[in-house]
Amino acid sequence: MLKNAEVAAIAKRYSVTVPQLCIRYTIQLGTVSLPKTANPDHMRDNAKVDFVISDEDMDILRSLRFQDYGDHSAFPVYSGK
């Protein structure tokens, strides 16, 4: 997801980073987001998700084509399952 051009374009519209968009996306889906970083600056940035993704953009994110995430392909947020 971090290198997906469609996701990057949506993040740019909201003036946020791709990780922030992904975290907000999972929050709006009602799932738990567990971002992983040891970098304090990234931790602070990851907490700045006080924006709302529009229904239209949520639909775009939900409809992204399946990508092979290896062992993590079964993760429902990204696999479409």
_I need a count of the residues in the range 17-33 that are over 11 Å from the mean Cα position of the chain (by Cα) and among the hydrophobic types (A, V, I, L, M, F, W, C)._
1
*All helices (runs of 4 or more DSSP H) inside the chain with 1 or more residues being open to solvent by 70 Å² or more (accessible area, probe 1.4 Å), of a type outside the set (A, V, I, L, M, F, W, C) and at pLDDT 90 or above*: 5-13, 40-46, 55-62
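The values are calculated or read from the model by the stated rules, or taken from the named source; none is laboratory data. Only a predicted model underlies this, so the values are computations on that prediction, with no experimental measurement involved. Surface areas here come from the heavy atoms of the whole protein model, side chains and all, with no ligands, DNA or RNA. Shrake-Rupley method; radii C 1.70, N 1.55, O 1.52, S 1.80 Å.
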